[in-house]
Amino acid sequence: MRSPRPLLPVLPPRTASAKSRWAWFARRLGAVLGLVAIALVGWMWWASVLPGSYSALDMGVPDFGGGAGSDTHAAAHGHVSAAGTAVAASAPVAEQTSVPDLTADPDRPADVRVELTARAERVTLPGAEPFDGFTLNGSTPGPTIRATEGQLVEVVLRNDDVPAGVTAHWHGVDVPNAMDGVAGVTQDAVMPGEAFTYRFVAEQVGTFWYHAHQASHPQVVGGLFGALILDPATETDAATAVPANPPAVDAVAAIHTYPGGQRTINGALEDSHQDAAPGDIVRVRLINTDSTPTSAWVTGSSFRVLAVDGHDLVGPTDVADHGVQITAGGRADVEVRVPESGAVRVQVPGASLVIGPDGAHVDQVSAPRDQLDLLSYGEPAPIGLDPAAADRRFTYDIGRLPGFLDGRPGYWWTINGGLGAGVPMYMVDEGDVVVMTVSNSSGEGHPMHLHGHHLLVLSRDGVPSSGSPWWVDSLDVAHGESYEVAFIADNPGVWMDHCHNLPHAAEGLMTHVAYNGVTTPFRLGRDTGNDPE
């Protein structure tokens, strides 16, 4: 009969060689370290699993950028002060505002009213392979919405049968926070049979677009998007600032790649056409609705870049033999002149817009080697803020680390080394001048998009901006690059600040800029039906 196995490891006999004794200790140490590693991985997995319902305001470490608000925030949320001491419950707490209260005047009648009905269906574009996608009012892209500066726009979004629910985000438009269209942050997703009404005043002028922000990657790729054009009112400075020879033709060019890699402009494969007469000056509003940057170039004419992300550039000059990069979610308005004979071709990889008389032709050409540098394009002008006197300064360092994200193992994007709930939550007060340094050491480029605000590019890799003030809402930050940007915190709310390569946002590259004193009743998580990415 065998003797029972000892409960504790038996030491090797004293007569054993030193080598044997060290081997025995090494085996035991390896076993112990293995158990510790398993326990650590298990704890990391458990700690990463999100609750079934949670607030966006709980998913980040508050970063006050050297500005006021840390003690007030700590008192409101039961934290400790920056000095590490408990904050008294009697500490003054800022007056609370809930996101649903941040709206346009509810009693003002709409000047422009649009109804959008979202459907899930089999989509067939002319000349394209059919795919399972989505439509708005039976088409994709959805209808172009056009309004004039100062008008109140009202859009009723109805969900016919999109199972995951839908929302509409007004990309680049600084709408009131309740109208931002982010499921789980500014509203609940609109489920089948439901509707939601968006209302905002067109206080900006330029080229924008709208798209789903519920299950946004599959829904945008599948067709839930459209163009939004805000024209200047005739009596405003924006209207009187147009060039001496205003464009005779205004053309929208929404660039989109549908499932199966089908690249289109305005839903047309290969070539689409814009009618224009010889000598016409044409404003082409290029909208990149894809998740990756693209380049546009012009054949048959030189061009000028009139605006970027809805902001006119000052002193734009003629460009030839260069392309212009348009980041994911970004827009560029270019001006071309139709030659007396022939046409103009505005190209992007895989698609073109031919501008000219019906039947006119211009050959395709390869993409130029050089890209226009907007850091030095145009003329300097006043910027309306003083970055040297910033109220808050933040860093937004993009990296990548292995780990767990909501229980899923992987190689995830990080912000300031944080993953999931460990990313920073950038806290501001209304009226703050904010300077943020965005750097990227992650190995890939990222098109960064802050909702509700526009960023002024101050420098790139330490080189100051020397051309026209370059305001963006979508900024491509390549691997190894660093941008210093500034903005004025003039739109209270809880605002997403994320990569607009939409799969990257779902993989961790997403946080918020939150105003002190603003709360949201909406919830994220698997039990809520809200999934903005």
If you scan the range 408-441, which residues turn out to be in contact with a helix residue (DSSP H, G or I) (Cβ under 9 Å, 6 or more places away or on another chain), open to solvent by less than 40 Å² (accessible area, probe 1.4 Å) and outside any strand (DSSP E or B)? 420
Residue under evaluation residue 458, criteria (1) within 30 Å of residue 380 (Cα to Cα); (2) touching a Leu at 6+ places or on another chain (Cβ under 8 Å), criterion not met: (2)
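Using the structure shown, decide if residue 125 is among the hydrophobic types (A, V, I, L, M, F, W, C) and part of a strand (DSSP E or B).
Values: among the hydrophobic types (A, V, I, L, M, F, W, C): yes; part of a strand (DSSP E or B): no.
No; evaluated as a whole, the condition is false for this residue.
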State the number of residues belonging to the range 509-531 that are open to solvent by 10 Å² or more (accessible area, probe 1.4 Å) and part of a loop (DSSP other than H, G, I, E, B). 11
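Residue 457 - would you say it is at pLDDT 95 or above and open to solvent by less than 10 Å² (accessible area, probe 1.4 Å)?
For residue 457, the condition - at pLDDT 95 or above and open to solvent by less than 10 Å² (accessible area, probe 1.4 Å) - is met.
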Exactly one of these conditions fails for residue 486: (1) more than 16 Å from residue 216 (Cβ to Cβ); (2) assigned to a loop (DSSP other than H, G, I, E, B). Give me its number. (2)
Residues of the range 470-495 being open to solvent by less than 20 Å² (accessible area, probe 1.4 Å), over 30 Å from residue 97 (Cα atoms) and more than 14 Å from the chain's Cα centre (by Cα), in sequence order, are 483
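The values are calculated or read from the model by the stated rules, or taken from the named source; none is laboratory data. Treat the numbers as computed from the prediction; the structure is a model and nothing was measured. Every residue, glycine as well, gets a Cβ built from its backbone with ideal geometry; the counts of neighbours run over all protein chains shown. For the accessible areas, the whole protein counts, side chains as well, though only heavy atoms, and no ligand, DNA or RNA atoms are used. Shrake-Rupley method; radii C 1.70, N 1.55, O 1.52, S 1.80 Å.
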